[in-house]
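Here, each number is a calculation from the coordinates, and none is a lab measurement. For clarity, every value in this text was computed on a predicted model and none was experimentally measured. Virtual Cβ from ideal backbone geometry, glycine too; neighbours counted across all protein chains shown.
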Amino acid sequence: MSQPAIRFDDGAAYERGMGVWSGIAGSVFLDWLAPAPGWRWVDVGCGNGAFTELLMRGQAPAEVQGVDPSEAQIAFARTRSGAAGAVFQEGNAMALPFEAGRFDAAVMALVIFFVPEPARGVAEMVRVVRPGGVVAAYAWDMAGGGFPFRPVQEEFRSMGFTPPMPPSADASRLEVLGGLWAAAGLRAVETREITVQRQFADFEDFWESTTGMGNQKATLASMEPAAVEAMKARLRAALPTNGLGQVTHTARANAIRGIVPG
């Protein structure tokens with residue numbers, strides 16, 4: 001059985017499930033980029049504004065524009081007090097609504113594997129960044145098992161469900177990212193892995209955070225209650241906990257950066 005296409009239409013549920021992960025990985029990513037204060041940024045595929053908030057709170061930007069195709073995600077992003085001052089709008093990563101050379105940096109945070117034609121998305125980031133500016137991204141290592149929801153998805157597979165993959169999942173691989181950046185003409189290209197951990201108060205916190213959004217939620221709603229409880233029991237037994245019952249889970253992303261020639 002296959003699941004429906006991936007959708008993000010609940011900003012609050014996304015925040016608990018993926019937004020927290022995005023913030024943890026995004027902080028490491030920004031430390032690696034080491035940007036200067038006063039930059040003009042575009043956050044391509046900004047979702048509910050989790051990464052945008054990191055930019056506004058920690059980077060002293062002159063401007064931040066967030067673009068995403070989801071009306072619900074944009075609506076949630078606009079409610080973030082920590083992202084106050086950023087401008088959010090609906091838009092397409094493959095046709096950004098900005099003039100050439102407007103920004104000092106363009107980023108895709110956990111987005112490039114959702115772009116139907118990643119090369120076009122990278123080319124658009126290059127177009128809107130000034131010569132000498134930065135084009136960068138990080139993405140969960142889908143092929144290498146780094147996705148934060150992997151334990152739940154593996155359970156679904158064992159039960160005959162096929163979790164949907166992003167349309168460009170292969171773009172999360174370091175070698176593919178490197179090829180995209182090289183083909184776009186970017187120079188001084190660098191890559192790295194980002195490994196992060198998240199601690200959950202207990203198993204129920206992990207479960208609700210991981211299954212309360214998108215396709216995980218929809219799939220559970222289609223299952224018999226007994227099957228859901230059996231799945232929870234298997235996961236509870238498989239996930240390590242400490243003496244306080246807390247669950248610590250690890251995820252891994254691949255990151256890349258390059259400089260626009262000029």
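Assorted remarks:
- Cβ-Cβ FRET estimate between ALA226 and THR79, R0 fixed at 30 Å, reported to 0.05: 0.20
- The stretch 211-262 versus the stretch 85-135: alpha-carbon centroid distance in Å: 29 Å
- Ordered by the number of other Cβ atoms lying within 10 Å of each residue's own Cβ, fewest first, ILE259, ILE112, ILE194 fall into the sequence ILE259, ILE194, ILE112.
- Equivalent-ellipsoid semi-axes for the stretch 109-262 (Cα gyration tensor, √(5λ), whole Å, largest first): 36, 17, 11.
- Pairs of Cα atoms nearer than 8 Å and 6+ residues apart set the relative contact order; for the stretch 32-121 it is 33 percent.
- Computed lengthening from MET159 to ARG120, 0.36 nm per intervening residue step minus Cα-Cα distance: 10.4 nm
- Solvent-free Debye calculation, one equal scatterer per alpha-carbon of the stretch 44-163: log10 I(q)/I(0) at 0.21 Å⁻¹ equals -1.19.
- Taking the Kirkwood radius as Rh and the Cα radius of gyration as Rg, the stretch 59-100 has a ratio of Rg/Rh equal to 0.98.
- Electrostatic dipole magnitude of the stretch 160-262 [Cβ: Lys, Arg +1; Asp, Glu -1; Cα centre; debye, to 20]: 300 debye
- Relative contact order (percent, whole number), the chain, Cα cutoff 8 Å, 6+ residue spacing: 23 percent
- Contact order relative to length of the stretch 200-262, as percent, for alpha carbon pairs under 8 angstrom and 6 or more apart: 46 percent
- Against the compact-protein benchmark of 2.2 N^0.38 Å, the Cα-based radius of gyration of the chain scales to 1.01.
- Here the Karplus curve 6.51 cos²θ - 1.76 cosθ + 1.60, taken at θ = phi - 60°, turns the phi angles of the stretch 23-40 into couplings of x, 5, 5, x, 5, 5, 4, 5, 4, 5, 5, 6, x, 8, x, x, 6, 9 Hz, with x standing for Gly and Pro.
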